[in-house]
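The values are calculated or read from the model by the stated rules, or taken from the named source; none is laboratory data. Since the structure is predicted, the reported quantities are computational estimates derived from the model, not experimental observations. Positions of Cβ are generated from backbone atoms using ideal geometry, with glycine treated the same way; all protein chains shown enter the neighbour counts. Just so you know, the surface numbers come from the protein's heavy atoms only, side chains and all, with ligands and any DNA or RNA stripped out. Shrake-Rupley method; radii C 1.70, N 1.55, O 1.52, S 1.80 Å.
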Amino acid sequence: MVFLRLITTSLFAFLLLVLWMRILLEATYKLTRYHRDENFVERVARVGYVYLILAYPMNLSLYFISNKLVGDAYFEEIKWALFGTTFVILAVMRILSNVTEYLVNGGWGFHIKSGGEVQKIKKNYIESSLKPRIQGILLSLLFIIVVYITLKSLLIVVADQPLIIPKRELGLNDFEFIVSIFFGACVVALFSETILRIFQPFVQE
């Protein structure tokens, strides 16, 4: 019976992880791309949507890390800081993966070259090195929660470990918190896209 539960749970977890990782990979890919001819309002809405998709699993990964430091009892005190940190990280990664030509210059000795060769080197560096590195950092953070939930699910189903869920009623503070997350994603998206509109990315698609 235990073996059957293990096989069934493992198969379900595998299918769920494939779906989840595909969504996360697609979202991180979109986060590091900047389209040339896109309406500003539509861009803000789409980036805000990507922020929301990535914010929750990334926030959970930060929560499980911080939980080891401060304990679950302090969740109410730190939840705002966790989501704030999440949005800041996402906005920074969005901006850094779509850098201006001047930021790319630092430390690469582009001044010794000239003309089209410089432009080609910069473009190749951003597309083949900078963007994949940022995607890798973000996916590493998100993968923490993926591994945790998978192991926790297997322990609950296979080892009959009890599922402990805090008994809390949905109150006004919870509703305000949820609304604040959506509002925060819009504000951060507006901020990051305004920065990128002022300082145009060197590589645009």
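What full-extension length gain, to one decimal in nm, is calculated for residue 37 and residue 152 as 0.36 nm per residue of separation minus the Cα-Cα distance?
36.9 nm
Modelling each spin label as a point 7 Å along the Cα-to-Cβ direction, I'd like the residue 103/residue 137 distance in nm, to one decimal.
My value for the distance between the label points is 1.0 nm.
When the solvent-accessible surface of protein heavy atoms is calculated with a 1.4 angstrom probe, in what order do 183, 177, 191 fall, highest first?
Largest accessible area first, the list is 183, 191, 177.
Tally Lys/Arg at +1 and Asp/Glu at -1 over every other residue whose Cβ is under 11 Å from the Cβ of residue 47; what's the total?
Here the charged neighbours net out to +2.
Between residue 119 and residue 182, what is the label-point separation in nm under the 7 Å Cα-to-beta-carbon projection?
Placing both labels 7 Å along Cα→Cβ, they lie 4.4 nm apart.
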